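Read the structure below first, then the notes.
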Amino acid sequence: MSNCVYKIITDKGIYIGSCKSLDGRKITHRRDSKKVNRKLYLNNNIENFKYEVLEQNIEGNKRLREQHYIDELNPELNHINAYGLKQSHKEYMVMYLKRKYICECGRTVQLQGRARHLRNDIHKRALKLKNEENIIAV
């Protein structure tokens, strides 16, 4: 099946996608589910995914057709538009990575710096101090 728009039905909602080959895309979804952190894969068992072809043998821009179905069905698991973005993917990622994250140590850091913060000595000392206070309080 070439150039199609498909829908994945899960327990948590639906996802709309487009691809050249649905069989190849299924393989990619299976691989990505093991290493990519996306709403589609979180708390969803890929074995329970139900694939449904919405449109096939698309002439022209399949992303435009995918966006049509995203607008029509309002899927819960798509996190960005496929076509006609209000913002580019780069702008979206910059905005996403600049979101604030409140760490368990009490500090507020940008999401893009979270991994570095968790390795930081300041973070480790704050957690150690917090744990010691909890032990004394008990």
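Summary of values
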{"item": "Residue order, fewest to most surrounding Cβ atoms within 10 angstrom, among Val36, Val109", "result": "Val36, Val109"}
{"item": "Dimensionless Rg over Rh [segment 2-86; C-alpha; Kirkwood]", "result": "0.94"}
{"item": "Total formal charge among the other residues, if their Cβ is under 15 angstrom from that of Arg119, Lys/Arg +1 and Asp/Glu -1", "result": "+4"}
{"item": "Order of Arg38, Arg119, Arg65 - criterion: other Cβ atoms within 10 Å of each residue's Cβ, fewest first", "result": "Arg119, Arg38, Arg65"}
{"item": "Options Gly113, Ser33, Asn74, ranked by Cα towards positive dipole end of the chain, top entry (Cβ charges)", "result": "Gly113"}
{"item": "Helical mean residue ellipticity (222 nm; -39500 (n - 2.57) per DSSP H run of 4+; nearest 500) of the chain", "result": "-13000 deg cm²/dmol"}
{"item": "Listed residue pairs exceeding 31 Å between alpha carbons, taken from Lys35/Lys98; Lys20/Lys98; Lys26/Lys100", "result": "Lys20/Lys98; Lys26/Lys100"}
{"item": "Whichever lysines have a C-alpha closer than 16 Å to that of Lys12, once near sequence neighbours (fewer than 8 apart) are set aside", "result": "Lys39, Lys50"}
{"item": "Loop GluC sites (Glu not before Pro), segment 98-134, which have at most 15 other Cβ atoms in a 10 Å radius of their Cβ (DSSP)", "result": "Glu104"}
{"item": "Sequence-distant residues sharing a close amide H with Glu76 (under 5 Å, placed H)", "result": "Ile14"}
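Every read-out reported here was derived from the displayed coordinates using simple, explicitly stated rules and does not represent laboratory data. Keep in mind that what you see is a predicted model, and the values were worked out from it rather than measured. In this analysis, Cβ positions are derived from the backbone assuming ideal geometry, glycine residues included, and neighbour counts consider all displayed protein chains.
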